[in-house]
Amino acid sequence: MSEQLLSPSIYRNYQPGHNGFFYTPGGQTWIVFHANPSTPGTCDGNRYTMAQPIGWNSDGTPAISPPAALTQDIPEPV
């Protein structure tokens, strides 16, 4: 797993978890997960769902970036 996912968030999306992966009809791989706007996060309804594309390293492991800023425009999956 990427150490970046385990590090404090530079975009204030904390405790990413309960992730899943999906493939788009065009063959992209995406990760979907929840995060919290503060740390320590709780399960009080402030969590939100995030999704972003991932890439692949040359050794076949996923190249997962840290959770993006909520204001970042991520194109829809294709």
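The values are calculated or read from the model by the stated rules, or taken from the named source; none is laboratory data. Only a predicted model underlies this, so the values are computations on that prediction, with no experimental measurement involved. We place every Cβ from the backbone using ideal geometry, glycine too, and count neighbours over all the protein chains shown. Note: accessible area is taken over every heavy atom of the protein model, side chains too, but ligands, DNA and RNA are not part of it. Shrake-Rupley method; radii C 1.70, N 1.55, O 1.52, S 1.80 Å.
Remark: pairs (first residue in region 48-66, touching a residue at least 40 places away in the same chain (Cβ under 8 Å) and part of a loop (DSSP other than H, G, I, E, B); second residue open to solvent by 40 Å² or more (accessible area, probe 1.4 Å) and among the hydroxyl-bearing types (Ser, Thr, Tyr); Cβ separation under 8 Å; 6+ apart in sequence or on different chains) = Pro66/Ser7; Pro66/Tyr11.
Looking across region 21-38, the residues that are surrounded by 13 or more Cβ atoms within 10 Å (Cβ to Cβ), of a type outside the set (Val, Ile, Thr) and under 15 Å from Pro75 (Cβ atoms) come down to Gln28, Trp30.
Among the residues of region 39-66, just one is at pLDDT below 85 and open to solvent by less than 40 Å² (accessible area, probe 1.4 Å), namely Gly41.
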